[in-house]
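I have placed the structure first, in the form of structure tokens, so that the comments after it can refer back to it.
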């Protein structure tokens with residue numbers, strides 16, 4: 001997803017610095033933390049969405065796509081006269097790719113700790129094949145099911161959430177190739193049709209939810225594009241139309257809405273899948289744009305709130321892209337050892353703390369220095 005939607009300060013005369021939407025930075029971090037907690041709860045769901053306690057945490061990906069479209073349009077819409085398509089691609093690669101590489105490396109380092117009945121292919125996967133999958137993962141090219149090394153048919157089996165970055169790249173390429181040139185009217189029509197495409201799947205599809213998008217087959221790619229198109233390009237339209245909602249305490253209110261919407265129980269049961277589909281349609285098409293409009297229109301009061309939102313925004317992407325190898329290990333341990341929820345909650349809290357520390361270390365010791373060096377090396381002075 002996710003996303004890679006953090007605003008980048010640019011300091012050259014040709015591309016003057018733009019201010020951050022600080023509340024949106026903070027909300028991205030809140031959603032990323034909620035994702036980690038959601039994934040720890042999945043270990044106790046027995047493979048059923050109807051037994052998941054933090055049920056809609058996966059909708060954070062759709063929220064990330066919306067944020068990404070909003071911020072990409074904000075950061076780049078008015079810069080194309082001073083920037084080529086290749087300049088844009090380089091900037092996005094520098095922003096996103098370093099953490100993809102480190103997330104994949106962490107996944108490789110922890111891979112064989114996950115061997116067992118939960119991931120049956122791990123124990124039989126030779127080291128050379130795992131290393132080959134790692135090298136392909138560095139490129140973000142999706143792996144076919146024939147190259148699966150875990151048993152979950154993931155296109156990025158060492159770091160599952162990288163699937164959303166694959167779709168993020170597709171959206172960025174589509175934006176640069178021509179969708180950025182659409183008038184607001186044409187973009188609005190495209191967004192409307194994308195909403196219908198999403199709702200058709202949610203209300204009349206086989207699941208009643210948007211879970212999926214991480215495998216290379218017709219059904220999973222259908223889900224992936226349904227999840228991508230409305231949020232990303234809806235975010236673009238939201239920014240272009242200048243839709244802002246001004247409320248007091250916007251960060252606290254928006255954070256509460258995100259957490260509640262992602263933790264909301266499954267609706268309807270197996271007999272009424274459409275009911276849950278209706279809830280998810282509401283979240284993605286109505287609620288999330290309102291949250292972003294409130295975040296973009298809100299202001300932060302006090303240095304503490306500003307520092308908190310900056311920290312949350314800074315660690316959100318590293319946290320999202322590096323936490324899942326820990327989840328693989330945790331899930332295998334909980335299921336195989338039949339760990340009771342009370343004990344698992346303590347260990348899950350330790351996992352969250354560990355994931356936050358790893359994300360912060362990756363940010364400061366790797367991501368920021370590497371991006372700074374890549375910017376000096378590959379971006380001209382006029383496009384930094």
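The values are calculated or read from the model by the stated rules, or taken from the named source; none is laboratory data. As the structure is a computational prediction, the values presented were derived from the model and not from experiment. Positions of Cβ are generated from backbone atoms using ideal geometry, with glycine treated the same way; all protein chains shown enter the neighbour counts.
Here are the numbers:
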| quantity | calculated |
| --- | --- |
| Positions within segment 157-180 being at pLDDT 95 or above and more than 22 Å from the chain's Cα centre (by Cα), in sequence order | 177 |
| Qualifying residue in segment 115-127 (condition: in a helix (DSSP H, G or I) and either in contact with a helix residue (DSSP H, G or I) (Cβ under 8 Å, 6 or more places away or on another chain) or within 17 Å of residue 152 (Cβ to Cβ) (or both)) | no |
| Condition met for residue 353 (under 18 Å from residue 63 (Cβ atoms), surrounded by fewer than 19 Cβ atoms within 10 Å (Cβ to Cβ), free of Cβ contacts under 8 Å to residues at least 60 places away in the same chain and under 23 Å from the mean Cα position of the chain (by Cα)) | no |
| Yes/no for residue 131 being farther than 23 Å from residue 286 by Cβ, modelled with pLDDT of 95 or more and assigned to a loop (DSSP other than H, G, I, E, B) | no |
| Residue match in segment 149-162 (condition: out of contact with any helix residue (DSSP H, G or I) (no Cβ under 9 Å at 6 or more places or on another chain) and touching a residue at least 12 places away in the same chain (Cβ under 8 Å)) | yes |
| Check on residue 236, within 30 Å of residue 309 (Cβ to Cβ) and modelled with pLDDT of 95 or more | yes |
| Filtered residue count, segment 198-224, keeping only those that are within 19 Å of residue 274 (Cα to Cα) and exposed (fewer than 15 other Cβ atoms within 10 Å of the Cβ) | 4 |
| Filter result for residue 196 (under 22 Å from residue 281 (Cα atoms), modelled with pLDDT of 95 or more and either touching a helix residue (DSSP H, G or I) at 6+ places or on another chain (Cβ under 7 Å) or part of a loop (DSSP other than H, G, I, E, B) (or both)) | no |
| Within segment 288-315, tally of residues that are within 21 Å of residue 72 (Cβ to Cβ) and in a helix (DSSP H, G or I) | 16 |
| Matching option when the condition is surrounded by fewer than 17 Cβ atoms within 10 Å (Cβ to Cβ) and in contact with a helix residue (DSSP H, G or I) (Cβ under 6 Å, 6 or more places away or on another chain), among 244, 266 | 244 |
| Only listed residue being in contact (Cβ under 8 Å) with a residue 12 or more places away in the chain, in a helix (DSSP H, G or I) and over 29 Å from residue 140 (Cα atoms), chosen from 259, 247 | 259 |
| Any chance residue 191 is in contact (Cβ under 8 Å) with a residue 12 or more places away in the chain, more than 28 Å from residue 327 (Cα to Cα), out of contact with any strand residue (DSSP E or B) (no Cβ under 7 Å at 6 or more places or on another chain) and not in a helix (DSSP H, G or I) | no |
| Test result for residue 318, in contact with a helix residue (DSSP H, G or I) (Cβ under 9 Å, 6 or more places away or on another chain), modelled with pLDDT of 95 or more, assigned to a helix (DSSP H, G or I) and closer than 30 Å to residue 120 by Cα | yes |
| Some residue of segment 299-306 being farther than 25 Å from residue 96 by Cβ and buried (at least 22 other Cβ atoms within 10 Å of the Cβ) | no |
| Where residue 105 falls short, out of the listed (1) part of a helix (DSSP H, G or I); (2) modelled with pLDDT under 95; (3) more than 28 Å from residue 262 (Cβ to Cβ) | (2) |
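Quick grid of which residues meet (1) under 22 Å from residue 331 (Cβ atoms); (2) over 24 Å from the mean Cα position of the chain (by Cα):
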site	(1), (2)
93	no, no
98	no, no
104	yes, no
108	yes, no
111	yes, no
115	yes, yes
118	yes, yes
125	yes, yes
130	yes, yes
